[in-house]
Amino acid sequence: MSPEIPTVPSDVEDSIVPTEPAAPPVASSGRGRIRNYFLTGLIVAGPVAITVYLIWSFVTWVDGLVRPFIPPAFRPETYLPVQIPGFGLIIAFLALTLLGFLTANLVGRKMVEFSERILERMPVVRPLYRGLKQVFETLFSKSGSTFRTVGLVEFPAPGMWSLVFLSTPPGSDITARLPSQEEHVSVFMPCTPNPTTGFFFFVPRREVIELDIPVEAAAKLIMTAGMIQPGGNEQNRLAALAETTRTAKAMHTVAPAD
């Protein structure tokens, strides 16, 4: 005769609460913290590394151009076991400063005018020299107003606005050919994320909304496709990322059982 299996009373059975399985190790919380720490380090170190790389590339490029013109007897590596980076950049800076000083004098101006007369007689070199000279004079002129104002233009469709950089007003020849005789301005609308390409056109000044933001902030806004808004602060972004890290840590923390 088989033994009788004891039964549990119904009132006792209802009072028994099933035991939940033990929570797995909090691996996701550790992965989340590592990911946020990595992103924070990337935000801090990324701009520094790219800036150092660009500066180093520029210095190396200038050294490669200037070093062949320096006699070996005047090169530091002739007497030192290592090559000093930036020596060519220093020589280029001193040479350009000396050239500017000589050009400001009477003798220097005569030499520059003589050189320009020679270039003006060369059929192929003349238009190239004229264009480059005008570009450099416009970009580095203290009195120039090129790309110092940011504005909004309704483009490419009604209700859609694009950032533009205001340039100098159009010349008299272009103004005379424009359909409307009202005041026009020259604007350059850069593309995202490469601001060196874009559209250049003339637009009536009344259709341009000028913005009180610096050109550098507008360039950042264009290059980052709106991710960096004007007036943003790097410290605020880091604080926001730190707050996200703390929130993720709190969400993944397992509360102790009662």
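Each value in this text was obtained by applying a stated rule to the coordinates, not by laboratory testing. None of these values were measured; they are calculated from a predicted model. Methodologically, a virtual Cβ is constructed for each residue, glycine included, from the backbone with ideal geometry; neighbour enumeration extends over all protein chains shown.
The table for this structure:
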read-out	value
Contact order normalised by residue count of segment 19-122, Cα under 8 Å, 6+ apart, percent	19 percent
Estimated FRET transfer efficiency (V52, L132; beta-carbon r; R0 41 Å; 0.05)	0.85
Using a Förster distance of 51 Å, the FRET efficiency for I34-I118 (Cβ separation, nearest 0.05)	0.20
Around I70: net Lys/Arg minus Asp/Glu count, Cβ-Cβ under 15 Å	0
FRET efficiency estimate (nearest 0.05) - Cβ-Cβ, Q229 to L80, R0 45 angstrom	0.40
Lys, Arg +1 and Asp, Glu -1 on Cβ, resulting dipole of segment 149-229 about Cα centre, debye, nearest 20	160 debye
Highest-first arrangement of 102-108, 214-220, where packing means the average Cβ count within 10 Å	214-220, 102-108
Most to least packed among 48-59, 165-176 [average Cβ atoms within 10 Å]	165-176, 48-59
23 Å tail of the calculated P(r), segment 149-229, as % of Cα pairs	21 percent
